[in-house]
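Engineer: One structure, pasted below without further comment.
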Amino acid sequence: MFDLMGMMGKVKEAQAKIKETQAKLVHLRAVGESGAGLVKVEVNGHRQVMKIEMDDSLINPSDKEMLSDLIVAATNKAMEEIELKIKNEMKAATEGMIPNIPGMDFGNMF
């Protein structure tokens, strides 16, 4: 028989664990690079850009458009990396807590 009360308890436990893990995400970091490492962008688990590093050779007013493209590319790579880290953290936090219900996809919940 289906234990609704047990499931509700698990959901509340999972919610608390998710909230706790979300608070810790600020400490996660990911770095994206472009231009063979000439531009590096660091983001945190709250999807905020924390730092941008550029090689001195790129700081040339005539190459402004190329530098902008490299920053965008590095930022996008960092954001992709942090998304994976966030999903892994949230998955680990709720492992075994949320029941596997056929047809329900909790993978995009975070």
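Engineer: Out of (1) 1.55; (2) 1.05; (3) 1.50, which label holds the value of Cα Rg over 2.2 N^0.38 Å that was computed here?
Structural biologist: Label of the calculated value: (3).
Engineer: While we're on this one: Students often check this: by mean Cβ neighbours within 10 Å, which of 54-63, 76-85, 13-22, 37-46 ranks highest, and how do the rest follow?
Structural biologist: The densest-packed peptide leads the list: 37-46, 76-85, 13-22, 54-63.
Engineer: Rounded to the nearest 500 deg cm²/dmol, what is the calculated helix-only ellipticity per residue at 222 nm for the chain, with -39500 (n - 2.57) per DSSP H run of length n ≥ 4?
Structural biologist: Result for the chain: -17000 deg cm²/dmol, rounded to the nearest 500.
Engineer: Any chance you could run the full-extension gain for Ala73 through His46? It's 0.36 nm times the residue separation minus the Cα-Cα distance, nm to one decimal.
Structural biologist: 7.8 nm
Engineer: With r as the distance between the Cβ atoms of Ser62 and Ala16 and R0 = 41 Å, compute the FRET efficiency 1/(1 + (r/R0)^6) and round to 0.05.
Structural biologist: 0.15
Engineer: Under a 1.4 Å probe, what is the accessible area of the chain per residue, stated in Å²?
Structural biologist: Here the residues of the chain average 70 Å² of exposed surface.
The values are calculated or read from the model by the stated rules, or taken from the named source; none is laboratory data. Bear in mind that the values here come from a model prediction, so they are computed numbers and not experimental data. Heads up, the Cβs are rebuilt from the backbone with ideal geometry, glycines too, and the neighbour counts pull from every protein chain shown. Areas reflect the complete protein model, heavy atoms only, side chains present, ligands, DNA and RNA absent. Shrake-Rupley method; radii C 1.70, N 1.55, O 1.52, S 1.80 Å.
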